[in-house]
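Data first, discussion second: the structure below is written as structure tokens.
The values are calculated or read from the model by the stated rules, or taken from the named source; none is laboratory data. What you are looking at is a predicted structure, and each value in this text was computed from that prediction instead of being measured. Virtual Cβ from ideal backbone geometry, glycine too; neighbours counted across all protein chains shown.
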């Protein structure tokens, strides 16, 4: 499995100037090749392959001498990435490649000839860049790495990402299975009764600071002034800080859940559709549910554990986790996000709404895992065409009770 370690680097002023030149060269080459490929496709019905783009490089270096200032393999990596982007587009995995801008994040890639020197706290790059100062906080693998990427964020910080291939090492989990329900009041609620929240106070303080700096930036109307560039950099720095705080929380929580549980069950959320609600769009976007699920999935695979998503139409919050029967007050249109505890008339117990949903997600995930299917009960990813007459799609869902805790307050 491919993994990457991201390390911050500290280039000198001379190295920053050289990197700025390389960022500009690779950005120009990407835009040039993208335009040439688009024109060729419109005229002939076929785009330029990587080999065809590489053949254009010697002539471009002669015509534009400044293009040769960048390391040759860095330029060849641009054609490789653009060719891969077109393959992904035609196979339906991504959108059409975009032109790159000089604003925002910049990056270049070194496919080989990079040496790590932990004893000297430097990374040696080929070409004119040379040795760059760094601090190795992370464990360095003994495996051979493939690609090293240098990036500069909008806040002016430089990072390098080291990509390497490492065999997964299975980890013995301390728990058989867990269900995770994602929400707004609490970020994540587990079937064991645990609730996890984003560092809201810290994020709120940073958001307030960002709004103040954005107001100052808005007053700088001259886009060419040095004061506007300085104000823009301040906004970028605080935005980067907010992103780092959120990602740090997501990494720690996803690793904890993926490491401790053999089977991780979550709900497939349609985040793109949910953010269409203007009242909840920002709150949902700030949660980072999609990123969290991506982290859970690849970390579970790394530890040899199972990650499973149940269908988004499965009514996890409307069923009683004890009897698997619908709770009337949540089923017949009286549902409200303000209702956090519900009384079930079937089992005569009061359920915490979020924990009850997490237990149902866990049980449904175990059921799907046992059946080897991806079709959830009482819903599913695929709905049949309407034939004019309503048909009952209700199916009995039998939970896997082995090793599960049915008490909604379990683990509290």
- Looking at (1) crowded, with 20+ Cβ neighbours inside 10 Å; (2) touching a strand residue (DSSP E or B) at 6+ places or on another chain (Cβ under 9 Å); (3) within 19 Å of residue 173 (Cβ to Cβ), which is the one condition that is false for residue 260? (1)
- Considering only the stretch 1-34, state which residues are more than 29 Å from the chain's Cα centre (by Cα) and assigned to a helix (DSSP H, G or I). 13, 14, 15, 17, 18, 21, 32
- Within the bounds of the stretch 240-251, is there any residue that is modelled with pLDDT of 90 or more and under 21 Å from residue 362 (Cα atoms)? yes
- Within the stretch 240-257, of all residues that are over 16 Å from the mean Cα position of the chain (by Cα) and touching a residue at least 12 places away in the same chain (Cβ under 8 Å), the one surrounded by the fewest Cβ atoms within 10 Å (Cβ to Cβ) is 241
- Query: Looking at the stretch 260-282, is at least one residue assigned to a helix (DSSP H, G or I) and either outside the structural domain of residue 343 (by TED's automatic domain parsing) or modelled with pLDDT of 90 or more (or both)?
  - Reply: yes
- When every residue in the stretch 283-312 that is surrounded by fewer than 17 Cβ atoms within 10 Å (Cβ to Cβ) and in a loop (DSSP other than H, G, I, E, B) is compared, the one modelled with the lowest pLDDT is 312
- Message: Of everything in the stretch 166-198, what is free of Cβ contacts under 8 Å to residues at least 40 places away in the same chain and in contact with a strand residue (DSSP E or B) (Cβ under 7 Å, 6 or more places away or on another chain)? Give them in sequence order.
- Response: none
- Query: Going by the structure shown, is residue 257 in the same structural domain as residue 190 (by TED's automatic domain parsing), closer than 18 Å to residue 363 by Cα and assigned to a strand (DSSP E or B)?
  - Reply: no
- Test result for residue 61, assigned to a helix (DSSP H, G or I), modelled with pLDDT under 95 and either more than 24 Å from the chain's Cα centre (by Cα) or closer than 27 Å to residue 223 by Cβ (or both): yes
- Out of the stretch 105-142, which residues are in contact with a helix residue (DSSP H, G or I) (Cβ under 9 Å, 6 or more places away or on another chain), in a loop (DSSP other than H, G, I, E, B) and without any contact (Cβ under 8 Å) to a residue 60 or more places away in the chain? 111, 112, 113, 126, 127
- Return only the number of the condition from (1) part of a helix (DSSP H, G or I); (2) touching a residue at least 12 places away in the same chain (Cβ under 8 Å) that residue 212 does not satisfy. (2)
- Query: Does residue 282 satisfy being without any contact (Cβ under 8 Å) to a residue 12 or more places away in the chain, out of contact with any helix residue (DSSP H, G or I) (no Cβ under 8 Å at 6 or more places or on another chain) and under 28 Å from residue 155 (Cα atoms)?
  - Reply: yes
- Query: In this structure, is residue 184 outside the structural domain of residue 19 (by TED's automatic domain parsing), modelled with pLDDT under 90 and either part of a loop (DSSP other than H, G, I, E, B) or under 20 Å from the mean Cα position of the chain (by Cα) (or both)?
  - Reply: yes
- Message: Quick test for you: out of 176, 207, pick the one residue that is assigned to a strand (DSSP E or B) and either assigned by TED's automatic domain parsing to the domain that holds residue 274 or on the phi > 0 side of the Ramachandran plot (or both).
- Response: 176
